[in-house]
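Heads up, the thing below is written out as C-alpha cells.
The values are calculated or read from the model by the stated rules, or taken from the named source; none is laboratory data. Note that the structure is a prediction, hence the values are computed from the model and not measured. Here Cβ is always computed from backbone atoms with ideal geometry, including for glycine, and neighbour counts include all displayed protein chains.
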Ligand code: MN
C-alpha cells in the first residue's frame, strides 16, 4: 500500500496526525487537492503535496515555493501522505516530524502533462495550481542525481500572470486555515481542537527540541504590539485578497468563456 512508509514512521497512539487511509476515488477531470504545509520541526521547511491516486504525493521544500521563475527550489520527495493529512494544522507532539504544522496554502491542481503517472516516472510533471497564494503554471522536475540525492527535484514557477519578483513566503507568511495565525498562535491552540489534543513532550530530546521550536515560533511571531500597528497593512492585505479574488473570478469567467467557445466550435 502506498501509505506503508507513512504508517511505519508514526505511532498513532501518540500523534494527532491522520490515520493512513486512501482518499476519494477520482475520475479524469475531477478536481484534485493540493496543499503546502509550513513545518517548523528541527528545520523550518515547506511540505508541498499533490493529491494523486488517493494519496498526497509529498516533497519537502527547504526554502518554500517561489513565484519567481528564476528561483528553482529544491524539493526532496518524501513518503506519500494520506489525503486527510491535507488540511492538517497543529502540533505534532513527539516522534517523526515533531513540531508545528501550519496550513500555508491549499486549493486545487490540474495536470498540464497528458499522462501524470508517466510524467512522474520520467520526473517532469507540469501542472496548474489554484490556491490562495500559489496560482498558475508550474513544473516539478527530477534532478536525476544532480546534487547527489535520488529523491531530489526542483519546483519551478512558469512565466505567466501569477509569476513575479515577490518573496511569497515572506509576503504571505501566515495560515490560510486559521485566519492570520502564526506558529505561536497555532502552538497556543488558536486552531481547531481536533489536532492539538496532545501536549508537546516536556522531557528528553523531543522536549529540548520543542523548547527550541517554541522559542523560534515566538521570535517569528509579530507579537500583540506589532500586530496592533499593522492594522493598516491588514486592510491593504484584505484589499489585495479582494483583488486576487476578483482576478480569480475573472480568470474563471474567461476559462468558462473559452470552454463555451470550444463547445460552440464542436
Ligand atoms: Mn515536514
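So which of 89, 94 is within 13 Å of the ligand (Cβ to nearest atom) and modelled with pLDDT under 95?
On the way: 94 fails: within 13 Å of the ligand (Cβ to nearest atom).
None of the others qualify; the one that does is 89.
Among the numbered conditions (1) closer than 29 Å to residue 24 by Cβ; (2) surrounded by 17 or more Cβ atoms within 10 Å (Cβ to Cβ); (3) touching a residue at least 12 places away in the same chain (Cβ under 8 Å); (4) over 19 Å from the mean Cα position of the chain (by Cα), tell me where residue 112 comes up short.
Here residue 112 clears every test but (2).
Mind counting the residues in segment 43-85 that are farther than 22 Å from residue 158 by Cβ, near the ligand (Cβ under 10 Å from one of its atoms) and touching a helix residue (DSSP H, G or I) at 6+ places or on another chain (Cβ under 9 Å)?
3
Going by what's in this entry, would residue 25 be described as in contact with a strand residue (DSSP E or B) (Cβ under 6 Å, 6 or more places away or on another chain), over 26 Å from residue 220 (Cα atoms) and more than 16 Å from the ligand (Cβ to nearest atom)?
no
Checking residue 131 against (1) under 15 Å from the mean Cα position of the chain (by Cα); (2) within 29 Å of residue 166 (Cα to Cα); (3) surrounded by fewer than 17 Cβ atoms within 10 Å (Cβ to Cβ), which single condition isn't satisfied?
Failed condition: (3).
Is it the case, given these coordinates, that residue 37 is under 15 Å from the mean Cα position of the chain (by Cα), within 15 Å of residue 139 (Cβ to Cβ) and within 16 Å of the ligand (Cβ to nearest atom)?
Values: under 15 Å from the mean Cα position of the chain (by Cα): yes; within 15 Å of residue 139 (Cβ to Cβ): no; within 16 Å of the ligand (Cβ to nearest atom): yes.
Spelling it out, it is not the case that residue 37 is under 15 Å from the mean Cα position of the chain (by Cα), within 15 Å of residue 139 (Cβ to Cβ) and within 16 Å of the ligand (Cβ to nearest atom).
Which is more than 16 Å from the ligand (Cβ to nearest atom), over 19 Å from residue 176 (Cα atoms) and touching a helix residue (DSSP H, G or I) at 6+ places or on another chain (Cβ under 9 Å), of 19, 13?
It is 19.
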